[in-house]
Amino acid sequence: MRETGRAHIRDGIAVVAPQDPDVLLVGEIRDQETAEIATHAALTGHLVLSTLHTNDAPGALIRLIDLGVAPFLVASTVEAVLAQRLVRVICKGCKERKGCVDCRGTGYRGRTGIYELLIMNDAIRSELPRARDVGELRALAEQAGMRSLAQDGMRLVGRERRQLMRCSESQGDSEGGSVR
């Protein structure tokens, strides 16, 4: 439901609630009231999907607490947080030379996403009420297998480098060198 005039999320939930939806999509959680309404909906069994502006996935947990949601409620209602960033893609038409018609001489064409998925687990849930630092939550999430935005970016760089090497090998690199 769009926020038009004085209409607000509270009014939207009041209209939608009698229909008993399984999933609620909240455009953005940016204030205490919206955070509390989304948390209450999650507590009553709804899957709540929303956006929240933070630097990374663990930061979303701290941001909800900063917005006034009790830490134990964040721990019991959040199932996962996905952080994403768009990064530029090196133009395939000019990987060997700088600039071409496809990229208008920029060296880049298009964007792709890098992601960080934090899946809540017992360790994070139990630490969350005491955590005051994103680093503590990040360490717990990484121990559970979360790949950071930086690590996902490096995965893309590695994949791109392997593709360049295969391309060089398939074209019979007469110099015998490798692509760096």
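Quick look at the numbers
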item	result
Any pair with Cβ under 6 angstrom, 6 or more apart, that starts in region 42-61 at a residue that is under 14 Å from Ser148 (Cβ atoms) and ends at one that is of a type outside the set (Lys, Arg) and in a helix (DSSP H, G or I)	Thr54/Ala60; Pro58/Val134; Pro58/Leu137; Pro58/Ala141; Gly59/Val134
Hey, Thr39 out of contact with any helix residue (DSSP H, G or I) (no Cβ under 8 Å at 6 or more places or on another chain) and open to solvent by less than 90 Å² (accessible area, probe 1.4 Å) or not	no
Criterion (within 26 Å of Ser50 (Cβ to Cβ), at pLDDT below 95 and touching a helix residue (DSSP H, G or I) at 6+ places or on another chain (Cβ under 7 Å)) met by exactly one of Ala141, Ala131, Ala75	Ala131
Looking only at region 70-118, and only at residues there that are polar (S, T, N, Q) and touching a Leu at 6+ places or on another chain (Cβ under 9 Å), the one that is most open to solvent (accessible area, probe 1.4 Å)	Gln84
Criterion: within 19 Å of Ile124 (Cβ to Cβ), in contact with a strand residue (DSSP E or B) (Cβ under 6 Å, 6 or more places away or on another chain) and assigned to a helix (DSSP H, G or I) - qualifying residue of Ala42, Ala35	Ala42
Some residue of region 155-176 being at pLDDT 95 or above and among the β-branched types (Val, Ile, Thr)	no
Single unsatisfied condition, Leu137 versus (1) part of a strand (DSSP E or B); (2) touching a residue at least 60 places away in the same chain (Cβ under 8 Å); (3) aliphatic (A, V, I, L, M); (4) crowded, with 16+ Cβ neighbours inside 10 Å	(1)
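The values are calculated or read from the model by the stated rules, or taken from the named source; none is laboratory data. Since we're looking at a predicted model, the values are computed, not measured. So basically every Cβ, Gly included, is an ideal-geometry build from the backbone, and we count neighbours across all protein chains shown. Accessible surface areas use protein heavy atoms only, side chains included; no ligands, DNA or RNA. Shrake-Rupley method; radii C 1.70, N 1.55, O 1.52, S 1.80 Å.
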